[in-house]
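Okay, so here's the structure we're looking at.
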Amino acid sequence: MPRLFSLAALIAAWAIAAALADSRLLPGPLAVGVTILADIRSGELPFQMSCTLARVISSFVIAMALGIAAGYAMGRSRAVDRYADAWLVVLINMPALVTIIFAYIWIGLNETAAILAVAVNKLPNVIVVMREGTRAVDPELDEMATAFKFTWFSRIRHVVIPQLAPYLAASSRSGLSIVWKIVLVVELIGRPNGVGFVLGSAFSLFDMTRILSYAISFIVLMLVIESLLVQPLERRAIRWRRRPA
Amino acid sequence: MNDAQSAGDAAPLELRIDAKTFLSADGTPVEVVRGLNLRLAAGSFGALIGPSGCGKTTILRIAAGLDTDFRGELHVPGAGRLGIVFQEPRLLPWRTVEQNIRLAMAARDAAADLTELVEILGLGAHLARYPGELSLGLARRAAIARAFAVRPDFLLLDEPFVSLDEAVASRLRDELVALTTRTKVTTLFVTHDLAEAIQLADHLFFLSDRPTRIIAERSLPPPRGTRSRDVIAAIGNEMRALVAGRT
């Protein structure tokens, strides 16, 4: 409930500011809403959003898969960590824009380059979180699993993954928001479709209504994914914790 | 449960630790065990008794095969299927009691009937609960159930009854006697409580301070588990006198 009120207050403030400014550089919520509806009806908005969403999902999946594997290896083995840490520092401090430019120049202005560039930007963050998570894995439970001769599979599934679950949830949450922000940049620079591309062309026309309508639609979509997918998964992963009475 | 396994033809537990050293935090080696020689007949219940911090847990971890960094030799009884009860229950908090028990079992036993075991340990009403919802006594019972569910050839227990109140500990001891008697599993039990050891064991091993070795051994006449308080006290006094002369 408080969430709804504060959201309503934000929209009200926006409406008042727009009415006071009375400029085409700050359209009101009503104008933006009308544009959103019109673009949904014409199919333009769903098409551009699905292009972007497909890129978000592919690069997210690639970054998570590689990041979990690398982070786990670095958390488990000190030797791996010592060798790979320098690379990780380089990767963390590489500006997103530089990775994107490299990818487009070396791979070409295509889908592969776009998705890889985003994945590489997200990767170090996943590695750092998963390495932390792996280091926190309880050695006593590990020993228990060894003593009872757990198979490799059931050790991963029943001993390791439940301990990594909070870290997986944290890195996928922060990951999703990082990835979609960078996807827009990638689209702005070198793709002929997607929300980033639309925002770029709207910018050159100073079309604020359009920019706001696409930005808001995308934020709403991400909120829906977060509350319908990420949060229920997280709740499921921690259901064994004793609930406060 | 484990009736098929006869105690007669199984090999004994043989553990020889010539030396076991740890590196302390500042890098100097600390010798924990030296010249320890332990032999326990198949199907019998041995107790390792020693002062706190004398390296009992180290010996147990070596016997369990969890620590292979020592000089010496280890021969485990039977096929070497190990059941172990750690000092802390070490249950997976995100799995129910029943899942915790079944996860430890070999795939071929996955569908085995646990009713009897669970009945003996009084866990029937708690199988669907998570370990975080259990008292320490119940969590220890679940850990004991897990160790027996794997139908071990070889059972190790590391002070499984510490920090329980005496009533609970004594019930659990009776349950342990019942289970080890019917399964005839070769058992090594670590404790610092002499009375407990005398009540439970066939064979006592007394350990010295670091570096640990065995300073005295004694076989106790059967039957285990039913020794009266007076008998336990008498044996206890006798053993204390014997051990005192050797340290």
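Read the figures in this text as sums done on the coordinates, not as results from a lab. Predicted model, so just to flag it, every value in this text is computed and none were measured. Positions of Cβ are generated from backbone atoms using ideal geometry, with glycine treated the same way; all protein chains shown enter the neighbour counts.
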Candidate aspartates and glutamates - alpha carbon under 18 Å from A:LYS181, same-chain residues fewer than 8 apart omitted: A:GLU111, A:GLU226
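Can you give the average number of partner chain beta-carbon atoms within 10 Å of each beta-carbon in peptide B:92-102, as a whole number? Before the final figure, lay out each step's value.
Working: counts 9, 7, 11, 4, 1, 0, 0, 1, 2, 0, 0.
The per-residue average across the peptide is 3.
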Where labels lie 7 Å past Cα in the beta-carbon direction, separation of A:ALA65 and B:ASP109 in nm: 3.8 nm
Average beta-carbon neighbours from other chains, 10 Å sphere, peptide A:155-165: 2
Rg and Dmax of region B:79-129, Cα atoms only, in Å: 11.6, 33
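Mind checking A:138-146 for the average number of partner chain beta-carbons within 10 Å of each residue's beta-carbon? It would help to have the intermediate numbers written out before the result.
Details: counts 3, 0, 4, 4, 2, 7, 13, 4, 5.
Averaged over the peptide's residues, the number is 5.
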Local electrostatic count at B:THR191 - Lys and Arg +1, Asp and Glu -1, tallied over other residues with Cβ under 10 Å: -3
Long-range HN-HN contacts of B:SER44 with modeled amide H, under 5 Å: B:THR187
Residue with peak Gaussian network fluctuation, chain A [Cα springs, cutoff 10 Å], from A:LEU30, A:LEU109, A:LEU223: A:LEU30
Hits among lysines - C-alpha to C-alpha of B:LYS20 under 22 Å, sequence gap 8 or more where chains match: B:LYS56
Computed over the protein assembly as shown, the ratio Rg/Rh where both radii use C-alpha atoms and Rh is Kirkwood: 1.16
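What ratio of Cα Rg to 2.2 N^0.38 Å holds for chain A?
On the way: Rg = 21.9 Å, N = 245, 2.2 N^0.38 = 17.8 Å.
Against the empirical 2.2 N^0.38 Å value, I get 1.23 for chain A.
Could you give the size of the charge dipole of the protein assembly as shown about its Cα centre, using +1 on the Cβ of each K and R and -1 on the Cβ of each D and E, expressed in debye and rounded to the nearest 20?
On the way: 52 positive and 45 negative charges, 78 e Å.
It comes to approximately 380 debye.
Eigenvalues of the Cα gyration tensor times 5, then square-rooted: what semi-axes does that give for chain B, in whole angstrom, largest first? Don't skip to the answer; put the middle values down first.
Numbers: eigenvalues 162, 92, 69 Å².
Computed over chain B, the values are 28, 21, 19 Å.
Quick one, can you get me the convex hull of the C-alpha atoms of region B:128-174 expressed as volume per residue in Å³?
Numbers: hull volume 4.2 nm³, N = 47.
About 90 Å³ per residue, rounded to a whole number.
Mind ranking A:4-14, A:37-47, B:35-45, A:134-144 by how tightly packed they are, going by the mean number of other C-beta atoms within 10 angstrom, highest first?
On the way: A:4-14: 10.5, A:37-47: 13.6, B:35-45: 19.6, A:134-144: 15.4.
The packing order, highest mean first, is B:35-45, A:134-144, A:37-47, A:4-14.
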From phi via Karplus (6.51, -1.76, 1.60), per-residue ³J(HN,Hα) for region A:85-95 in Hz, x at Gly/Pro: 4, 4, 4, 4, 4, 4, 5, 5, 8, 6, x
Among A:PRO232, A:PRO29, A:PRO162, residue whose mean-square fluctuation peaks in a GNM of chain A (springs only between Cα atoms under 10 Å): A:PRO232
